Each structure stands twice: as C-alpha cells, then as structure tokens.
Amino acid sequence: MYTQLQMRGAARPPVTLSTLRKMREDGEPIAALTCYDASFAALVDEAGVDLALVGDSLGMVVQGHDTTVPVTMDHIVYHTRAVARGLSRPFLVADLPFMSYASTEQALTNSVRLMQEGGAQMVKLETGAEQLRIVEYLTGRDIAVCAHLGLKPQSVHKTGGFRVQGREQEMAQKLMRDARDLQSAGADIILLECIPRDLGKAVTAELDVPVIGIGAGPDTSGQIQVIYDILDVTPGRKPRFVRDFMAGNGTPLGALRAYVAAVKSREYPAPEHCF
Ligand code: KIV
C-alpha cells in the first residue's frame, strides 16, 4: 500500500504525473522515448529517461508495416506488459491503437486493458476536436490522458502522407484551439508531432500542462523520439528531427544517456532538426 509514498525518498523515486508537472513548472526538459520490450526498457530506465511510451510506431519499427494502422489492442497490451517488467523509474504511457477509441465506451474499455493488463499509467490517443468527448470521458473517470496533435500517423490514409502539419495560418490556429480545448477537457499531457517550431513554442506557452514534442522544436516542455531512430537501427531515410545518438557514444546505453543529456541541456533539438 502506498508504495510510491515509500519510494519518494529513494535514490531514484518513480516519475509520476506530479513529477512531470513540476518539471514543466521548473523548466526542466522531460526526456521521453518509445520502448517496446523489457531489455530496452531496462536500458531506458538506466539512462535516466523520464517517460517511456509503448507507441503504435511498433507496427512500423517492430512489425515491419508501412503504417501504424495494422496495430491492434492485443499487440499494444503484449508490448506494454513486457516494457512494464523492465522499468522502475520512468512514467509508462501506452498508445490506444487505430480505431480502439471510436466511441467513449470503447475508449474506456481499451484504456482499462492498457492499465490493468499492460501496467500503463497513462493512455495516449491521436486527437482533434472530434475526440474532446472521449478525452473528457476518460479523464472524468480518473484515467490519465496524453492527447496527440499535429501529424497523426493513424490518419495517414485520409490525410495523404507523413507531412509537417500547421504550416498554414488557419491550420495553426485550429491546432492551437484544439490544444486549448483538450487541456480544458482534462488532457494531462499534450504531444505535438511534426509542426513548425514557432507553433510548438506558442502552444507550450499557451498551456499549463506538460507539452512533449517530436519534430516540434526546442521550446516544448520535453522531447520524445522513436528509440530505434536515435539508435540508428531504423533502416532507410530518417525524418529531419532525428539525430543519430549512436555516433560517438559507443554502446546503446551510452547513446541513450547522451540523448537524455542533450534533451536536458536543450542542445537537442538543434536548428537542423526543426521545421
Ligand atoms: O507511436 C509512437 O511512437 C508515437 C511517437 C511518434 C510519439 O506516437
């Protein structure tokens, strides 16, 4: 009972939502990474990563699909359970995959699965104005929610490709409005993917909750990357925002430590990683 209370004085107390909120308040960048199995989870933990996401990007980097669309609830639950076994300090977030949150009841049932079967502490869903009701429904039932905005890979067949979002003024204004509304609906973290750095900065300044970016510039409250991208495992051309942290750092653990240090010092992302 109250294990987290007992561990508060420990050398490496677990990261909670309160820790992440305080980091935002204190201006300490949050270092986050995706993770899909127990071995990498142990390295992520050891390297000092604050938040681990079992992302549906596993459909592309683990399963070899072209998109995240084929990923199912069973896949995410399986990988979340594996990651949870390898972690002790980082906050654990799991993705709700494609069409697993089409209604409020379905979103609730599947979030409960991620938490009870997987061990997740927060769920993430790709959002916009259409998901406000769902976010409100989940947070109203004390489920911690990360709302993903900007480039939404689950919508790629509808939007026509993996492209930078929010370049046009109208789209930037819509994204800002959605971010505000999602925070009001109870979202605990906003994640911004692939947007111009000025928009990432403006959204972060506007909100009170932690804002974590991937390809959203250096001014968000934290950064997240796909772990295989920064370890130079992912084959082929990488997105502009990816830096190869294996270069010059020897081992995967060395590379992950370098990533955390570069995020914390705001040395990463540099101008060449931004839109
Ligand atoms: O699924 C995923 O890995 C993600 C990241 C790109 C943030 O959503």
* To do: Go over the candidates Ala41, Ala32 one by one and state the one that is under 16 Å from Ala120 (Cα atoms), part of a helix (DSSP H, G or I), out of contact with any Ser or Thr (no Cβ under 9 Å at 6 or more places or on another chain) and aliphatic (A, V, I, L, M).
  => Ala41
* Residue selected from the range 203-232 under the condition more than 11 Å from Leu192 (Cα to Cα) and away from the ligand (no atom under 15 Å from the Cβ), by the criterion nearest to the chain's Cα centre (by Cα) -> Val209
* Taking into account only those residues within the range 160-173 that are at negative phi and under 21 Å from the mean Cα position of the chain (by Cα), which is surrounded by the most Cβ atoms within 10 Å (Cβ to Cβ)? -> Gln165
* Residues located in the range 37-89, provided they are within 15 Å of the chain's Cα centre (by Cα) and of a type in the set (Val, Ile, Thr) -> Val44, Val49, Val54, Thr68, Ile76, Thr80, Val83
* Within the range 130-155, track down each residue that is part of a helix (DSSP H, G or I) and either within 15 Å of the ligand (Cβ to nearest atom) or of a type in the set (D, E, K, R) (or both). => Glu130, Gln131, Arg133, Glu136, Pro153, Gln154, Ser155
* Structure fact -> Residues of the range 112-129 being at pLDDT 95 or above, away from the ligand (no atom under 16 Å from the Cβ) and in a helix (DSSP H, G or I), in sequence order, are Val112, Arg113, Met115, Gln116, Glu117
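Conditions tested, residue by residue: (1) of a type outside the set (Asp, Glu); (2) more than 15 Å from the ligand (Cβ to nearest atom).
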site: Glu28; (1), (2): no, yes
site: Ala38; (1), (2): yes, yes
site: Leu51; (1), (2): yes, no
site: Val62; (1), (2): yes, no
site: Asp66; (1), (2): no, no
site: Ile76; (1), (2): yes, no
site: Ala94; (1), (2): yes, no
site: Pro97; (1), (2): yes, no
* Based on what the data block shows, is Gln223 of a type in the set (S, T, N, Q) and part of a strand (DSSP E or B)? -> yes
* **Residues located in the range 44-63, provided they are buried (at least 24 other Cβ atoms within 10 Å of the Cβ) and free of Cβ contacts under 8 Å to residues at least 40 places away in the same chain** => Leu58, Gly59
* the range 236-261 residues that are over 25 Å from Phe162 (Cα atoms), paired with ones that are outside any loop (DSSP other than H, G, I, E, B) and among the charged types (D, E, K, R) (beta carbon under 8 Å, 6 or more apart) -> Asn249/Arg257; Leu253/Glu46; Leu256/Glu46
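For the condition over 16 Å from the mean Cα position of the chain (by Cα), under 24 Å from Thr72 (Cα atoms) and either buried (at least 21 other Cβ atoms within 10 Å of the Cβ) or of a type in the set (Val, Ile, Thr) (or both), what is the one hit in Leu149, Leu138, Leu192, Leu132?
Of Leu149, Leu138, Leu192, Leu132, the one residue that is over 16 Å from the mean Cα position of the chain (by Cα), under 24 Å from Thr72 (Cα atoms) and either buried (at least 21 other Cβ atoms within 10 Å of the Cβ) or of a type in the set (Val, Ile, Thr) (or both) is Leu138.
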* Asked: Which ones in the range 210-227 are surrounded by fewer than 21 Cβ atoms within 10 Å (Cβ to Cβ) and in contact with a helix residue (DSSP H, G or I) (Cβ under 6 Å, 6 or more places away or on another chain)?
  -> Asp219
* Could you please find all residues in the range 87-109 being in contact with a Phe, Trp or Tyr (Cβ under 7 Å, 6 or more places away or on another chain) and either buried (at least 20 other Cβ atoms within 10 Å of the Cβ) or in a loop (DSSP other than H, G, I, E, B) (or both)? => Ala107
* To do: Can you tell me which residue within the range 177-202, out of those that are hydrophobic (A, V, I, L, M, F, W, C) and free of Cβ contacts under 8 Å to residues at least 40 places away in the same chain, is farthest from the ligand (Cβ to nearest atom)?
  => Ala202
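The values are calculated or read from the model by the stated rules, or taken from the named source; none is laboratory data. Fair warning: this is a prediction, and the values are worked out from it, not measured in the lab. Here Cβ is always computed from backbone atoms with ideal geometry, including for glycine, and neighbour counts include all displayed protein chains.
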